[in-house]
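Right, one structure below, let's go through it.
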Amino acid sequence: MRDTLEPLVEQLRGRVVVNLTTTTPNEARALASWASDHGVRYLDGAIMATPPMIGSPGAAILYSGDEGVFDEVRGPLDVWATSTFEGPDAGRASLLDLAMLSGMYTMFAGFLHGAAMVGADGVDATSFARRAAPFLAAMTEAFALDAAVIDDGNYSDPVQSLDWSDLGHLVRASEEQGVDPAPIAMVEELRRRQVDAGHGGSDFARIYESLRRR
């Protein structure tokens, strides 16, 4: 974006720039600072849709930064997707976008790992997907329960304890199938850290504590 707009910066003074390229939160904040230094009115955005979805009711785009700019240009923005303003921090839309993509990609990696496991025994990926999709969709309903536990900070009343959730058998089953256990081994490592720290009786959601920034 900078390479594209730097040569035009004088023509952009006083004008609105809406950035929908993928950036990290800090990169978005740096772009907002650069825009402000050059008198450019800046709004950062994150597209939560695939290209064919644009213009349909299911498309969503998150925005953050200058709320005055958002209000001013929302009409055109709403044409291509549902527009949501996430606050004055220019990096917030990017942060939410990348956090959700993190969940998506690890979910896809888990599905592909499972497909590789059953594929080793001749089960095709299509039939596995028919089984996995409704199960995984149902499991996402647990997000709200985990979120409530995390926000409360009390992991002492587990639905499923860390001790009970030993994933070593999943790692061993992967290896028996000749499949790289990396996706599930990563989760097991996060679980193990909390168990080793004395939290085996705590709720599985406590692996959040292995991940969050101190």
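Do any residues in segment 65-81 that are closer than 16 Å to Ile47 by Cβ have Cβ atoms under 8 Å from those of residues that are crowded, with 19+ Cβ neighbours inside 10 Å and β-branched (Val, Ile, Thr), where the two are at least six apart or on different chains, and which pairs are they?
Leu77/Ile61; Trp80/Ile61; Ala81/Ile47; Ala81/Ile61
Report yes if some residue within segment 99-114 is modelled with pLDDT of 95 or more, hydroxyl-bearing (Ser, Thr, Tyr) and in the same structural domain as Asn26 (by TED's automatic domain parsing); otherwise report no.
Among the residues of segment 99-114, not one is modelled with pLDDT of 95 or more, hydroxyl-bearing (Ser, Thr, Tyr) and in the same structural domain as Asn26 (by TED's automatic domain parsing), which makes the answer no.
Can you tell me how many residues within segment 137-177 are acidic (Asp, Glu), in contact with a strand residue (DSSP E or B) (Cβ under 9 Å, 6 or more places away or on another chain) and closer than 26 Å to Met100 by Cα?
1
Taking segment 105-158, which residues are among the β-branched types (Val, Ile, Thr) and touching a helix residue (DSSP H, G or I) at 6+ places or on another chain (Cβ under 7 Å)?
Matches in segment 105-158: Val118, Val149, Ile150.
In segment 59-97, which residues are crowded, with 16+ Cβ neighbours inside 10 Å, over 20 Å from the mean Cα position of the chain (by Cα) and in a helix (DSSP H, G or I)?
Val69, Phe70, Val73, Leu77, Trp80
Can you name the residue in segment 88-104 that is out of contact with any helix residue (DSSP H, G or I) (no Cβ under 8 Å at 6 or more places or on another chain) and in contact (Cβ under 8 Å) with a residue 12 or more places away in the chain and is also nearest to Ala132 (Cα to Cα) among such residues?
Residue satisfying both the conditions and the ranking: Met100.
Only one of these conditions is not met by Gly39: (1) crowded, with 19+ Cβ neighbours inside 10 Å; (2) outside any helix (DSSP H, G or I). Which number is it?
(1) is the only condition that Gly39 fails.
The values are calculated or read from the model by the stated rules, or taken from the named source; none is laboratory data. Because the structure is predicted, anything quoted here is derived from the model rather than measured. Heads up, the Cβs are rebuilt from the backbone with ideal geometry, glycines too, and the neighbour counts pull from every protein chain shown.
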